[in-house]
Amino acid sequence: MTREPLLIVDGYNVLHAWPVMRQGNDLEAARQRLADRVAEYEATRGMRALLVFDGRTRTGPAGPTAAYAVETVFSSKGLSADHLIERRIVEVREATDEYLPITVVTSDRLIHALAMRERAAVTGAREFIRELESLREETARYGSSIPFRVTFTEAARPARSSKPRKR
């Protein structure tokens with residue numbers, strides 16, 4: 001088990017609080033944008049992030065996916081993201097004798113209470129959004145000398161060659 005502090009993000013809770021992220025009706029694109037922003041946060045704050053979504057509205061199999069810039073999990077049928085968040089907190093707490101800082105990002109009162117019971121810090125969705133926006137402004141201010149910018153999701157995807165493979 002890793003020793004890095006853990007950030008668990010209630011994905012849809014944050015997306016619902018951040019209308020700018022939900023441009024149009026493309027939920028998949030909104031999840032990708034959120035994953036990119038959380039990946040920036042993860043990289044600059046020295047913590048491991050887990051993005052959790054309810055799986056009911058997602059096509060394809062439930063469970064973890066590598067298509068996003070950070071570890072992302074969708075709940076399976078019969079479970080909610082709330083259950084996955086609670087389960088992950090408990091698993092982390094039981095896996096180590098050492099105290100490991102866990103922060104849960106949600107505005108859901110039930111998850112807030114569950115997280116507090118397990119000695120995890122809680123940050124509201126709007127407060128986290130302000131942190132992400134502040135981080136983006138800070139990065140833009142200091143990153144102007146960088147000749148190009150690539151999102152974490154783009155960097156994580158394998159490059160596609162326009163040339164056909166030789167066999």
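The values are calculated or read from the model by the stated rules, or taken from the named source; none is laboratory data. Worth saying up front: this structure is predicted, and the values here are computed from it rather than measured. Cβ placement follows ideal geometry from the backbone for every residue including glycine, while neighbour counts extend to all protein chains displayed.
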Checklist outcome for this item: Across segment 63-95, the tally of residues that are hydrophobic (A, V, I, L, M, F, W, C), part of a loop (DSSP other than H, G, I, E, B) and either modelled with pLDDT of 90 or more or closer than 18 Å to residue 111 by Cα (or both) stands at 1
Checklist entry - Within segment 76-107, can you find the residues that are more than 14 Å from residue 7 (Cβ to Cβ) and crowded, with 21+ Cβ neighbours inside 10 Å? => result 81, 84
Checklist entry - For segment 96-114, how many residues meet the condition of being assigned to a helix (DSSP H, G or I), among the hydrophobic types (A, V, I, L, M, F, W, C) and either in contact with a strand residue (DSSP E or B) (Cβ under 7 Å, 6 or more places away or on another chain) or touching a residue at least 24 places away in the same chain (Cβ under 8 Å) (or both)? => result 3
Next on the checklist: Looking only at segment 113-124, how many residues end up being farther than 14 Å from residue 88 by Cα and of a type outside the set (A, V, I, L, M, F, W, C)?
Outcome noted: 2
Checklist entry - Restricting the search to segment 1-35, which residues are surrounded by fewer than 15 Cβ atoms within 10 Å (Cβ to Cβ) and in a helix (DSSP H, G or I)? => result 16, 19, 20, 27, 28, 29
Checklist entry - Can you spot a residue in segment 115-128 that is aliphatic (A, V, I, L, M), assigned to a loop (DSSP other than H, G, I, E, B), over 19 Å from residue 39 (Cβ atoms) and modelled with pLDDT under 95? => result yes
Checklist entry - For residues in segment 36-46 being more than 17 Å from residue 104 (Cβ to Cβ) and hydrophobic (A, V, I, L, M, F, W, C), which is surrounded by the most Cβ atoms within 10 Å (Cβ to Cβ)? => result 39
Checklist entry - Just checking, which of 60, 55 is surrounded by fewer than 19 Cβ atoms within 10 Å (Cβ to Cβ), of a type outside the set (Val, Ile, Thr) and at pLDDT below 90? => result 60
